[in-house]
Amino acid sequence: MPASIEPPNPPSWVILVLSLGCGVAVANIYFPQALCCLIADALHVPRSSATLVVTAAHFGYAVGIFLLVPLGDRVPQRRLIVTLLALTALGLLAAGTAPTLPVLVVASAVIGVTTVVAQIIIPMTAGLVPLERRGAVTGTLLSGLIGGILLARTFGGTLGDWLGWRAPYLVAALLVLTLATVLSRVIPDTTPPSSQRYRELIAAPLRLLYEEPDLRRSCLYQASVFAGFSAAWTTLTMLVTGPTYDLNAQTVGILGLAGAASMFCTPFAGRAADRKGPDAVSLWCLLGVIGSAGVLMSGDSGGVAGLIALAGGMLLLDIVVQCGQVANQARIFALRPEAKARINTAYMTCAVLGGCTGSWLGVRAYGWLGWSGVAGLVAAAASVALLRHVLRMARATEATKTGVPTGLTS
């Protein structure tokens, strides 16, 4: 297997540029969350149908992670990343000019498939730094990614209200092309760590899921909480623009801007994972998700108090979900240093499929039970992960007492 020739510690400014790249890239599947109502009105379709744009983007993202991210271990990363960004720009252009909802849904799926470069950048960069800095650097990269996720809604909602729903897609296409140009000069030359055939690379994530208990539980944690996260954000537009508040899409963007404060928390979570271990961070994050659901329960009361509850609950949800992501990725990147992209493929595919499921369930929960049903879904999904985590901690404690290796009890 060829050895990597990149420097072990890239300059801080390179990490920051790569963090920005993660944010710009991932924003493409999140800014449509603030546009669903505008799309529905412009294309004369029900609002519940317009949410298919969001679901298709997430589903495409999961497919892209599974099929394309493993190539990060086989193809020089700079060439792969720039190519995918160029294809994403074409998909955004197609979406921005789509004449009907079905065409827009297909274009959204294509965008999701190709806009996976953040999941190539993160494991690539984790391999460029010493083990003791990996959690902190991962936290910095995730700060950029989170900023992209949350500011995307502000970008989409504000620009959509001003210029119509097509404008965010067209502006995003220009931004992505600019990013491709910058990263083509910033990403260092790398030697792929694997010479396996593509078929073997695709099979590897499934094999790693079978072989690594810590990977399986990390996948469960993030899939569960990301399901609740996606359910809440997908239906938030329906609540805010509905009869309870009767506000516009820009309000969703403002709520997203409030949630962007979470991007400043992930570096602290990374350092905490380095010092205390990922499991301690995971526990607090899972408890935090359940707490955020309690706050969100008051979000359908209307008025200023309801908006404050929504802003506070979504902020807390954003913080703990993203900090949990830092802990999970710090855990899995330590498992197989030579297969970080393949491990990240397994992890992120599970996480994004959880998000797709959450978006679908969230729309239905909102239709059946209103916003309180969505908040209940957030709490229920996190409770599944928390139960698994508590059982694992109990087994680890018992293993310490009996002398059985912890890995045998995962």
In the stretch 1-19, residue modelled with the highest pLDDT [restricted to those that are in a helix (DSSP H, G or I), surrounded by fewer than 24 Cβ atoms within 10 Å (Cβ to Cβ) and in contact with a helix residue (DSSP H, G or I) (Cβ under 7 Å, 6 or more places away or on another chain)]: 17
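Let's see how each residue does on (1) surrounded by 15 or more Cβ atoms within 10 Å (Cβ to Cβ); (2) touching a Gly at 6+ places or on another chain (Cβ under 7 Å); (3) modelled with pLDDT of 85 or more; (4) more than 30 Å from residue 242 (Cβ to Cβ):
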{"residue": "354", "(1), (2), (3), (4)": "yes, no, yes, no"}
{"residue": "382", "(1), (2), (3), (4)": "yes, yes, yes, no"}
{"residue": "390", "(1), (2), (3), (4)": "no, no, yes, yes"}
{"residue": "398", "(1), (2), (3), (4)": "no, no, no, yes"}
{"residue": "406", "(1), (2), (3), (4)": "yes, no, no, yes"}
{"residue": "410", "(1), (2), (3), (4)": "yes, no, no, yes"}
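Given 327, 339, which one is over 20 Å from the mean Cα position of the chain (by Cα) and of a type in the set (A, V, I, L, M, F, W, C)?
On the way: 327 fails: over 20 Å from the mean Cα position of the chain (by Cα).
Only one candidate passes the filter, namely 339.
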Do the conditions hold for residue 225, that is, is it in contact (Cβ under 8 Å) with a residue 60 or more places away in the chain and either on the phi > 0 side of the Ramachandran plot or among the aliphatic types (A, V, I, L, M) (or both)? yes
Going residue by residue through the stretch 356-372, is there one that turns out to be on the phi > 0 side of the Ramachandran plot, touching a helix residue (DSSP H, G or I) at 6+ places or on another chain (Cβ under 7 Å) and not hydroxyl-bearing (Ser, Thr, Tyr)? yes
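Counting only residues that are among the basic types (Lys, Arg) and within 18 Å of residue 65 (Cα to Cα), which one in the stretch 190-234 is surrounded by the most Cβ atoms within 10 Å (Cβ to Cβ)? Don't jump to the end; show me each part of the working.
Restricting attention to the stretch 190-234, the residues satisfying the condition of being among the basic types (Lys, Arg) are 197, 199, 207, 216-217.
Filter again for within 18 Å of residue 65 (Cα to Cα), leaving 197, 199, 207, 216.
Working: 197: 10, 199: 8, 207: 13, 216: 18.
For the stretch 190-234, the residue satisfying everything is 216.
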Give the stretch 103-133 a look and list any residue that's in contact with a Gly (Cβ under 8 Å, 6 or more places away or on another chain) and either under 19 Å from residue 43 (Cβ atoms) or at pLDDT below 85 (or both), or say none. 107, 108, 109, 110, 111, 123, 124
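Within the stretch 20-33, identify whether any single residue is at pLDDT below 85 and either under 23 Å from residue 174 (Cβ atoms) or touching a helix residue (DSSP H, G or I) at 6+ places or on another chain (Cβ under 6 Å) (or both), and answer yes or no.
Step one: list which residues in the stretch 20-33 are at pLDDT below 85, which gives 33.
Those left that are additionally either under 23 Å from residue 174 (Cβ atoms) or touching a helix residue (DSSP H, G or I) at 6+ places or on another chain (Cβ under 6 Å) (or both): 33.
Among the residues of the stretch 20-33, at least one is at pLDDT below 85 and either under 23 Å from residue 174 (Cβ atoms) or touching a helix residue (DSSP H, G or I) at 6+ places or on another chain (Cβ under 6 Å) (or both), which makes the answer yes.
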Out of 364, 342, I need the residue that is in a helix (DSSP H, G or I), more than 20 Å from residue 139 (Cα to Cα) and basic (Lys, Arg). Which one? 364
Only one of (1) of a type outside the set (Gly, Ala, Ser); (2) touching a helix residue (DSSP H, G or I) at 6+ places or on another chain (Cβ under 8 Å); (3) free of Cβ contacts under 8 Å to residues at least 12 places away in the same chain fails for residue 210. Which number is that? (2)
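Look through the stretch 97-119, keep the residues that are of a type outside the set (A, V, I, L, M) and without any contact (Cβ under 8 Å) to a residue 60 or more places away in the chain, and return whichever of them is surrounded by the fewest Cβ atoms within 10 Å (Cβ to Cβ).
Pass one, the stretch 97-119, residues of a type outside the set (A, V, I, L, M): 97, 99-100, 102, 108, 112, 114-115, 119.
Then drop every residue that is not without any contact (Cβ under 8 Å) to a residue 60 or more places away in the chain, which leaves 99-100, 102, 114.
Numbers: 99: 8, 100: 11, 102: 12, 114: 24.
Selected residue: 99.
Does the stretch 301-331 hold any residues that are among the β-branched types (Val, Ile, Thr) and in contact with a Ser or Thr (Cβ under 7 Å, 6 or more places away or on another chain), and which are they? Outline the logic, then answer.
Here is the first cut: in the stretch 301-331, the residues among the β-branched types (Val, Ile, Thr) are 304, 308, 319-321, 326.
319, 320, 326 - these are the residues of the stretch 301-331 that are among the β-branched types (Val, Ile, Thr) and in contact with a Ser or Thr (Cβ under 7 Å, 6 or more places away or on another chain).
In the stretch 109-125, what residues are of a type in the set (A, V, I, L, M, F, W, C) and assigned to a helix (DSSP H, G or I)? Break it down into steps so the answer makes sense when it comes.
Filtering the stretch 109-125 down to residues of a type in the set (A, V, I, L, M, F, W, C) leaves 109-111, 113, 116-118, 120-122, 124.
Selection gives 109, 110, 111, 113, 118, 120, 121, 122, 124.
In the stretch 31-44, which residues are touching a residue at least 12 places away in the same chain (Cβ under 8 Å) and surrounded by fewer than 23 Cβ atoms within 10 Å (Cβ to Cβ)? Before the answer, list the steps.
Our first condition is that a residue be touching a residue at least 12 places away in the same chain (Cβ under 8 Å); within the stretch 31-44, this holds for 31-39, 42-43.
Matches in the stretch 31-44: 37, 42, 43.
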Given the condition of a type in the set (Val, Ile, Thr), surrounded by fewer than 24 Cβ atoms within 10 Å (Cβ to Cβ) and in contact with a helix residue (DSSP H, G or I) (Cβ under 6 Å, 6 or more places away or on another chain), answer yes or no: does some residue in the stretch 296-318 qualify? no
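Restricting attention to the stretch 45-54, report how many residues are among the β-branched types (Val, Ile, Thr) and either modelled with pLDDT of 90 or more or surrounded by fewer than 24 Cβ atoms within 10 Å (Cβ to Cβ) (or both).
Count: 2.
The values are calculated or read from the model by the stated rules, or taken from the named source; none is laboratory data. From a predicted model like this one, the values you see are computed outputs, not experimental measurements. Heads up, the Cβs are rebuilt from the backbone with ideal geometry, glycines too, and the neighbour counts pull from every protein chain shown.
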